């Protein structure tokens, strides 16, 4: 059985974080120049004898090349030929015994501590000595499950730090977090990680059949990887010697695999790659998830949770969602009104247990209904209807949002926010309800107040129980500082904002923490609920979902989401967000069973818009 024909894998969830460097990242496909009468290979900085043996064995298809920490080496071919120099005696003896028994050798590896430590894996058996206990158990578990380990790799840090690549999946422990990020990203495009290697001086290389990523490897090695790619060859072995040398080899052309939508998106961001655009927009980290067929088709992370930090961005990483908070809180509003049988056309004021004031120009009989508040047409202070204080006309263009509270600042209570005792104006009516559209975060503070008063508890636990738990949104919270791994916000210059994240007591308007996976779980639910003939499992009835996504008092909005293309196959709902240091967007297409979410920890929306545009372009969505 040829390794490259086995099934694609998924990467086991990252376990630990590790410090990584900041050199440039290369992302290309894998293969190279054909050498006459042989499979291609390349070496540099290795012993002359090894180079000679590579040339002699390459025509037979090399399956593994490995270096010991002391400079020994071993080469094995797919038909059982092998040669070794300076490897532990027990390893050499076991290798010979396994080959003699008919085992096809997949990989040989040596932990960086040296001595009599090694592992040999094959199609029928495996053998090891001196491995980290957890690594040893992982290899044993793979074979016990009826699969095979094709490679074990050890970073130079030693200890319980390793990667186990099997015929279906990849497991890792204590490796460079960006290396894990890239292994995971590669598998999202329908590829299987096939090789991982770590130079002694740091850095890494990850090969996934016809694609690879590298970081801080020898420039000559990188050049040869690109040459293999140009020739259509798959890289089957990558190995780095303790003295800075390296070897590459192939034993066949790269397999014909389906188009990789993930790579297509990555290479179509703003007319360039996602990494170059992240640099241009000075955004350290981005997470992306895409829905097709009402399932999460793929999810990826890029860059870092914090500039200069050790933690890479992953789809599981939580970001501030900013004004997406409003759209998600709208589900909580509809859940409440559904439970209380409260009509959306009802006056919100009796449900607040707080007096909502009005300026002198607002008609006494005009009613700020719940749905008008949800669609920014209730006359509540908002963008272009707030300042100057007390005015009824001649408004400035600002307003509508919240600045948040940085480190050292006292965070006001919700009533204090409503009374204007924080860093935002008092919430009041400044235009007649129903007359005009003014985007209003303050209106969602009123909705938050309504939920808390009518449900008898704060918004965060209410949403946890009523919305997030039923939808499986386990990394979503309206708490001021949830216990998730959180991204840090960054300025437009790319520096970490003071305190890493502002706090937003105006939770329903701006305080949601979530990740792209949870947002796409929400998209899947809303898509299914919209197209279903009746109620489906979840927090809202079909009628409530229809209300959420059907144009209401504001023609461009449902009740919480902005909508477009109603009545067509390209019908969509969306919301974006902009907090200090964070930008975001989520979009769903119910009739297509599709959607996406993008979360970023930079202070310019340009990158989020470019990533979203790339997704739509690759998939042909409006």
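For residue 196, work out the one condition from (1) out of contact with any helix residue (DSSP H, G or I) (no Cβ under 6 Å at 6 or more places or on another chain); (2) farther than 15 Å from residue 236 by Cα it doesn't fulfil.
Unmet condition: (2).
What's the number of the condition residue 265 fails, among (1) more than 26 Å from residue 155 (Cβ to Cβ); (2) outside any loop (DSSP other than H, G, I, E, B); (3) in contact with a strand residue (DSSP E or B) (Cβ under 7 Å, 6 or more places away or on another chain)?
(3)
Select from region 590-622 the residues that are over 21 Å from residue 268 (Cα atoms) and touching a helix residue (DSSP H, G or I) at 6+ places or on another chain (Cβ under 9 Å) and list them in ascending order.
Residues of region 590-622 that are over 21 Å from residue 268 (Cα atoms), as a first pass: 590-593, 603.
Within region 590-622, 590, 591, 592, 593 qualify.
I need the full set of residues from region 219-235 which are in a loop (DSSP other than H, G, I, E, B) and touching a strand residue (DSSP E or B) at 6+ places or on another chain (Cβ under 6 Å), in order please.
Within region 219-235, 231, 232, 235 qualify.
For region 71-117, give me every one of the strands (runs of 3 or more DSSP E) that falls completely inside it and has 2 or more residues that are in contact with a strand residue (DSSP E or B) (Cβ under 7 Å, 6 or more places away or on another chain) and surrounded by fewer than 21 Cβ atoms within 10 Å (Cβ to Cβ).
Numbers: elements: 73-77, 82-85, 105-109.
Output list reads 82-85.
With (1) over 36 Å from the mean Cα position of the chain (by Cα); (2) within 25 Å of residue 559 (Cβ to Cβ); (3) modelled with pLDDT of 95 or more; (4) surrounded by fewer than 17 Cβ atoms within 10 Å (Cβ to Cβ) as the list, and residue 427 as the residue in question, which single condition is left unmet?
Unmet condition: (4).
Taking into account only those residues within region 293-310 that are under 17 Å from residue 475 (Cα atoms) and more than 10 Å from the chain's Cα centre (by Cα), which is surrounded by the most Cβ atoms within 10 Å (Cβ to Cβ)?
Checking each candidate, the answer is 305.
Would you mind listing the helices (runs of 4 or more DSSP H) fully within region 484-555 where at least 2 residues are at pLDDT 95 or above and within 21 Å of the chain's Cα centre (by Cα)? Full working, then the answer.
Details: elements: 507-510, 516-531, 542-549.
Filter on region 484-555 gives 516-531.
Just checking, which of 479, 506 is touching a helix residue (DSSP H, G or I) at 6+ places or on another chain (Cβ under 6 Å), touching a residue at least 24 places away in the same chain (Cβ under 8 Å) and surrounded by 20 or more Cβ atoms within 10 Å (Cβ to Cβ)?
Working: 479 fails: surrounded by 20 or more Cβ atoms within 10 Å (Cβ to Cβ).
506 is the lone residue from the list that is touching a helix residue (DSSP H, G or I) at 6+ places or on another chain (Cβ under 6 Å), touching a residue at least 24 places away in the same chain (Cβ under 8 Å) and surrounded by 20 or more Cβ atoms within 10 Å (Cβ to Cβ).
Closer than 25 Å to residue 273 by Cβ and surrounded by fewer than 24 Cβ atoms within 10 Å (Cβ to Cβ), is that true of residue 226?
Criteria met by residue 226.
Counting only residues that are closer than 21 Å to residue 579 by Cα and not in a loop (DSSP other than H, G, I, E, B), how many does region 281-311 have?
Final tally of qualifying residues: 9.
Residue-wise test of (1) surrounded by 24 or more Cβ atoms within 10 Å (Cβ to Cβ); (2) over 20 Å from residue 548 (Cβ atoms); (3) in contact (Cβ under 8 Å) with a residue 40 or more places away in the chain.
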{"site": "578", "(1), (2), (3)": "no, yes, yes"}
{"site": "582", "(1), (2), (3)": "yes, yes, yes"}
{"site": "602", "(1), (2), (3)": "yes, yes, yes"}
{"site": "606", "(1), (2), (3)": "no, yes, yes"}
{"site": "611", "(1), (2), (3)": "yes, yes, yes"}
{"site": "616", "(1), (2), (3)": "no, yes, no"}
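So which residues in region 274-291 are under 22 Å from residue 207 (Cα atoms) and out of contact with any strand residue (DSSP E or B) (no Cβ under 7 Å at 6 or more places or on another chain), if there are any at all?
276
How many residues are within 23 Å of residue 474 (Cβ to Cβ) and either over 39 Å from the mean Cα position of the chain (by Cα) or part of a loop (DSSP other than H, G, I, E, B) (or both) if we restrict to region 312-364?
8
Residues of region 154-178 being crowded, with 24+ Cβ neighbours inside 10 Å and either touching a helix residue (DSSP H, G or I) at 6+ places or on another chain (Cβ under 7 Å) or closer than 22 Å to residue 68 by Cα (or both), which ones?
Residues satisfying the conditions are 154, 155, 162, 163, 164, 165, 166, 170, 172, 175, 176.
Each row is one residue, and each column tells you yes or no for (1) over 19 Å from residue 284 (Cβ atoms); (2) in a strand (DSSP E or B).
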| residue | (1), (2) |
| --- | --- |
| 574 | yes, yes |
| 577 | no, yes |
| 588 | yes, yes |
| 591 | yes, no |
| 596 | yes, yes |
| 607 | no, no |
| 610 | no, no |
| 616 | yes, no |
| 621 | yes, no |
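Which residue, of 385, 397, 393, is surrounded by 12 or more Cβ atoms within 10 Å (Cβ to Cβ) and not assigned by TED's automatic domain parsing to the domain that holds residue 510?
Matching residue, one of 385, 397, 393: 385.
Quick one: which residue in 258, 284 is outside the structural domain of residue 303 (by TED's automatic domain parsing) and either touching a residue at least 40 places away in the same chain (Cβ under 8 Å) or surrounded by fewer than 23 Cβ atoms within 10 Å (Cβ to Cβ) (or both)?
Values: 284 fails: outside the structural domain of residue 303 (by TED's automatic domain parsing).
Criteria check complete, one pass: 258.
Only residues that are surrounded by fewer than 18 Cβ atoms within 10 Å (Cβ to Cβ) and more than 21 Å from residue 114 (Cβ to Cβ): list them for region 126-144, please.
Result: 137, 140, 141, 143, 144.
Being in contact with a strand residue (DSSP E or B) (Cβ under 6 Å, 6 or more places away or on another chain) and either over 11 Å from residue 247 (Cβ atoms) or crowded, with 22+ Cβ neighbours inside 10 Å (or both) is true for just one of 64, 52, 68. Which residue is that?
64
The values are calculated or read from the model by the stated rules, or taken from the named source; none is laboratory data. Because the structure is a prediction, the values reported are computed rather than measured. Note: ideal-geometry Cβ built from the backbone for every residue, glycine included; neighbour counts use all protein chains shown.
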